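*Asks:* Below is a structure I'd like to ask you about.
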Amino acid sequence: MERIRLGRTDMRVSRIGLGAWQFSGDAWGAITYEQAKAVVSKALEVGINFFDTAAVYGRGRSEEFLGRAIRELGARDHVYIATKIHGDWLRRIDILTSVENQRRRLGVDAIDLYQIHWPACWHNTPICETMKTLEELVDRGLVRYIGVSNFPLALLERARSCLSRVDIVTSQNRYNIIEREADKELLPYLRREGIVLIAWSPLAKGVLTGKYTPSNLPTFEDVRRNDPLFTPQNLKLVWPVVEEITRIAKAHGKTPAQVALNWLIRDPWIYPIPGAKTPEQVVENAGAVGWSLSDDEWRTLDRLGWEASQKIIYVTW
Ligand SMILES: NC(=O)c1ccc[n+]([C@@H]2O[C@H](COP(=O)([O-])OP(=O)(O)OC[C@H]3O[C@@H](n4cnc5c(N)ncnc54)[C@H](OP(=O)(O)O)[C@@H]3O)[C@@H](O)[C@H]2O)c1
């Protein structure tokens with residue numbers, strides 16, 4: 001698979017990564033270690049070398065599964081592991097404790113990319129305490145690069161101003177054809193500053209694959225049970241976009257998931273990390289790389305997706 005440099009880092013990463021939230025065992029339903037290992041193994045086989053997990057995914061289970069699989073597959077020297085620290089653990093003492101637990105679970109000396117999962121909501125931790133501690137982790141060689149996730153622009157700028165020796169290299173945010181809040185101010189800033197947007201939910205949790213139709217909506221037993229995107233009203237609203245994605249996919253002999261990811265990777269500053277529950281999904285998603293939508297197709301999806309994104313209502317009661 002095509003490799004790119006991840007922003008200002010020295011990491012040569014596959015054009016898409018793999019999200020490992022699916023290994024948590026709770027959020028996305030039961031998964032055994034062997035199933036998770038099969039997903040990682042297939043990802044390596046198709047050339048994926050960037051993996052994203054988090055402390056919070058299954059309370060460490062995703063980190064453990066990912067670290068163990070990479071170790072057993074003998075791949076540690078060929079891959080990059082990104083993880084995140086829980087947004088409620090951003091005091092210095094908590095960061096120093098968590099990073100040791102995370103290195104142990106992942107089985108690595110240094111974490112390649114260490115991200116703040118979400119801003120401190122409850123503990124009133126000053127942002128500079130957090131950022132200076134992360135800088136210290138880099139100095140001590142415990143993590144190689146630092147990033148943030150789900151930060152509004154003003155807080156991201158403030159976080160950067162706390163740092164003197166390193167900088168934030170990535171910002172992980174929800175971004176896909178139909179969920180586009182980052183377009184308003186964050187993405188233009190990231191492009192200007194050379195910070196990569198790591199796009200979470202790049203398939204809108206499966207909506208953009210076309211398999212969940214407004215008239216054929218399963219009763220989810222997973223994290224999607226309460227996701228506002230899956231209300232009949234919102235699914236109906238975004239359905240014309242999914243139909244257009246499907247039409248374009250047919251014209252290229254591709255699948256809707258491949259079109260949805262290809263739309264994202266047109267922008268060198270966007271880095272999708274689709275989650276996969278099976279090796280088949282990994283193979284399909286890898287097929288998003290190595291070809292291009294036409295300018296017209298890209299623009300049509302851009303416009304339709306943007307218009308739909310502004311009509312989605314996240315309020316459910
Ligand atoms: N920073 C954050 O706050 C944050 C938040 C969310 C996610 N993330 C990260 O981003 C990653 C991806 O986001 P996500 O898991 O929310 O959503 P996603 O990647 O948009 O969707 C993943 C789901 O879509 C379905 N799928 C994947 N590939 C498919 C294919 N080729 N064909 C059909 N269905 C397919 C699978 O579920 P089904 O088969 O059950 O439909 C899979 O679990 C996560 O693993 C995690 O690493 C970060």
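Computed from the coordinates by the stated procedures, all read-outs in this text should not be read as laboratory data. In this text the structure is predicted, and so the values were computed from the model without any measurement. With ideal geometry, Cβ positions are generated from the backbone for all residues, glycine too; neighbour counts draw on all protein chains shown.
*Asks:* Among the DSSP beta bridges whose two residues both lie in segment 1-160, what percent are antiparallel, rounded to the nearest 5?
*Replies:* 20 percent
*Asks:* Taking trypsin sites (Lys or Arg not before Pro) that fall in a DSSP loop and have at most 15 other Cβ atoms within 10 Å as cut points, what is the longest piece of the chain between them?
*Replies:* 60-139
*Asks:* Across 10 Å bins from the origin, how do the percents of Cα pairs in segment 1-145 run, short distances first?
*Replies:* Values per bin, smallest distances first: 12, 42, 35, 12, 1.
*Asks:* Using helices alone, what [θ] at 222 nm do you get for the chain, with -39,500 (n - 2.57) per DSSP H run of 4 or more residues, divided over all residues and rounded to the nearest 500?
*Replies:* -12000 deg cm²/dmol
*Asks:* Let a ≥ b ≥ c be the square roots of the eigenvalues of the Cα gyration tensor of segment 220-310; is it rounded (a/c under 1.5), or, if not, prolate (a/b larger than b/c) or oblate?
*Replies:* Cα axes put segment 220-310 in the oblate bin.
*Asks:* Hey, another quick one. Work out the FRET efficiency for ASP267 and THR97 from their Cβ-Cβ distance, taking R0 = 35 Å, and round it to the nearest 0.05.
*Replies:* Working from the Cβ atoms, E equals 0.40.
*Asks:* Between TRP291 and ARG59, what is the label-to-label distance in nm when each label sits 7 Å out along the Cα-to-Cβ direction?
*Replies:* 4.5 nm
*Asks:* Hey, another quick one. How about segment 186-295: which GluC sites (Glu not before Pro) there lie in a loop by DSSP and see at most 10 other Cβ atoms within 10 Å?
*Replies:* GLU221
*Asks:* Which log10 I(q)/I(0) values does the chain give at q = 0.09, 0.15, 0.16 Å⁻¹ under the Debye formula, counting every alpha carbon as one identical point scatterer?
*Replies:* At q = 0.09, 0.15, 0.16 Å⁻¹ the computed log10 ratios are -0.44, -1.28, -1.45.
*Asks:* Which listed residue (SER309, VAL79, GLY210) has the Cα farthest towards the positive end of the charge dipole for the chain, taking +1 on Lys and Arg C-beta and -1 on Asp and Glu C-beta about the Cα centre?
*Replies:* About the Cα centre, the residue reaching furthest to the positive side is VAL79.
*Asks:* Here's a follow-up. Go through LYS254/LYS311; LYS84/LYS132; LYS205/LYS311; LYS37/LYS84; LYS211/LYS254 and tell me which ones have a Cα-Cα distance over 22 Å in this structure.
*Replies:* LYS254/LYS311
*Asks:* Equivalent-ellipsoid semi-axes (√(5λ), Cα gyration tensor) for segment 84-213, whole Å, largest first?
*Replies:* 26, 18, 14
*Asks:* Just for the chain, what percent of DSSP beta bridges are antiparallel, to the closest 5?
*Replies:* Of the beta bridges lying entirely in the chain, close to 15 percent run antiparallel.
*Asks:* Placing +1 at every Lys and Arg Cβ and -1 at every Asp and Glu Cβ, with all other atoms neutral, what dipole size does the chain have around its Cα centre, in debye to the nearest 20?
*Replies:* 100 debye
*Asks:* What is the set of long-range amide H partners of SER149 at a cut-off below 5 Å, with H atoms built 1.01 Å from backbone N?
*Replies:* ILE116, GLN172
*Asks:* Follow-up question, since we're still on this one. I'd like to verify something in the chain: which complete DSSP H helices, judged by Cα projection on the helix axis, reach 15 Å or more and average at least 0.0 on the Kyte-Doolittle scale?
*Replies:* Qualifying helices, which must be both long enough and hydrophobic enough, are 127-139.
*Asks:* While we're on this one: Relative contact order for the chain: what is it in percent, counting Cα pairs under 8 Å that are at least 6 residues apart?
*Replies:* The value is 19 percent.
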